[in-house]
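J.: One structure is given below, represented as structure tokens, and several questions about it will come after.
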Amino acid sequence: MNKKIFKIHYLRNILLLICILFILTGCGDKQTNDISYNVENQNYENNATSYTNEIELPKQEVASFYTNIYDKTENRMNNLRVAANNLSNTVIKSGEIFSFNETMGPSNKEKGYKEAKIFDAEGNVIEGYGGGICQISSTLYNAALELNLEIIERHAHSRKVQYVEEGKDAAISYNRLDLKFKNSLDYDLTIECKVDENKVYISLLGNRK
């Protein structure tokens, strides 16, 4: 074989070898990319699963109660709406003791309350700031009874009220009379309170398991 033919064969073999290496290198990159993509995909799916597990389930109504409004004087209706707004969205953690007075604070003029009819200790009807909010506390008390929650403190009025049966009311007087109950359930509770022209509504919401 002469030198010219030898060089041609030699160059052809070199080119063939280069082509083979190029193909092998390209396939290797593709395989690596595929593996990387699969790993990233798997991580994304794992993250998505983790995220889904962390989403809080929607709350559902677990108890409710309403009372009729008989005294619809302007100041009393104002007090009912102010109290309902202050009480709504209150969360009672599992195992926590709820206090109406601690949650609501004093029913004074600074908080938007007005003077309306209240009962004094002897059952006399007098005017006082926050008159009417005992209907809110009494409605809440009956909603708590629907769930058989442990009642820590509850007081009857000095005379019968119209909006609940006798023995089902819960009188409130800041620093004197309170409504307290324990959330003995294994999930948190959220209080929703609404007032319209005729009724006071209390709903207790939770993620019942």
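The values are calculated or read from the model by the stated rules, or taken from the named source; none is laboratory data. Being a predicted model, the structure only gives us computed values, none of them experimental. Don't worry about glycine lacking a Cβ; one is built from the backbone with ideal geometry, like all the others, and counts go over all protein chains shown. Remember, those area values only see protein heavy atoms, side chains included, never the ligands or the DNA or RNA. Shrake-Rupley method; radii C 1.70, N 1.55, O 1.52, S 1.80 Å.
J.: For residues in the range 56-108 being among the basic types (Lys, Arg) and not in a loop (DSSP other than H, G, I, E, B), which is nearest to Glu192 (Cα to Cα)?
T.: Arg81
J.: Does the range 89-100 contain any residue that is open to solvent by less than 80 Å² (accessible area, probe 1.4 Å) and either on the phi > 0 side of the Ramachandran plot or at pLDDT below 95 (or both)?
T.: Checking the range 89-100: at least one residue is open to solvent by less than 80 Å² (accessible area, probe 1.4 Å) and either on the phi > 0 side of the Ramachandran plot or at pLDDT below 95 (or both).
J.: Looking at the range 116-151, which of the residues that are β-branched (Val, Ile, Thr) and under 25 Å from the mean Cα position of the chain (by Cα) is nearest to Ser88 (Cα to Cα)?
T.: Ile136
J.: Also, I was wondering about something else. Within the range 109-120, how many residues are within 25 Å of Lys160 (Cβ to Cβ) and not in a loop (DSSP other than H, G, I, E, B)?
T.: 5
J.: With respect to Gly123, determine if the residue is modelled with pLDDT under 95, of a type in the set (Gly, Ala, Ser) and not in a loop (DSSP other than H, G, I, E, B).
T.: no
J.: Residues being in contact (Cβ under 8 Å) with a residue 12 or more places away in the chain, more than 14 Å from Cys134 (Cα to Cα) and surrounded by fewer than 18 Cβ atoms within 10 Å (Cβ to Cβ): count how many of those fall in the range 193-209.
T.: Count: 6.
J.: Tell me, which residue of the range 164-192 that is part of a strand (DSSP E or B) and of a type in the set (S, T, N, Q) is farthest from Gly132 (Cα to Cα)?
T.: That would be Thr190.
J.: Give the number of residues within the range 135-189 that are within 20 Å of Ile69 (Cα to Cα), in contact with a Leu (Cβ under 6 Å, 6 or more places away or on another chain) and of a type in the set (A, V, I, L, M, F, W, C).
T.: Total meeting the criteria: 3.
J.: Within the range 155-192, take every residue that is aromatic (Phe, Trp, Tyr) and either under 27 Å from the mean Cα position of the chain (by Cα) or open to solvent by 60 Å² or more (accessible area, probe 1.4 Å) (or both) and give me the one that is farthest from Glu74 (Cα to Cα).
T.: So in the range 155-192, the residues aromatic (Phe, Trp, Tyr) come out as 163, 174, 181, 187.
With the extra rule that they be either under 27 Å from the mean Cα position of the chain (by Cα) or open to solvent by 60 Å² or more (accessible area, probe 1.4 Å) (or both), the set shrinks to 174, 181, 187.
Numbers: Tyr174: 23, Phe181: 31, Tyr187: 38 Å.
Restricting to residues being aromatic (Phe, Trp, Tyr) and either under 27 Å from the mean Cα position of the chain (by Cα) or open to solvent by 60 Å² or more (accessible area, probe 1.4 Å) (or both), the top hit is Tyr187.
J.: When the residues of the range 150-163 are narrowed to those that are charged (D, E, K, R) and at pLDDT 95 or above, which ends up nearest to Cys134 (Cα to Cα)?
T.: Step one: of the range 150-163, the residues charged (D, E, K, R) are 150, 153-154, 159-160.
Filter once more, so that each one left must be at pLDDT 95 or above: 150, 153-154.
On the way: Glu150: 20, Glu153: 14, Arg154: 11 Å.
Ranking the candidates gives Arg154 first.
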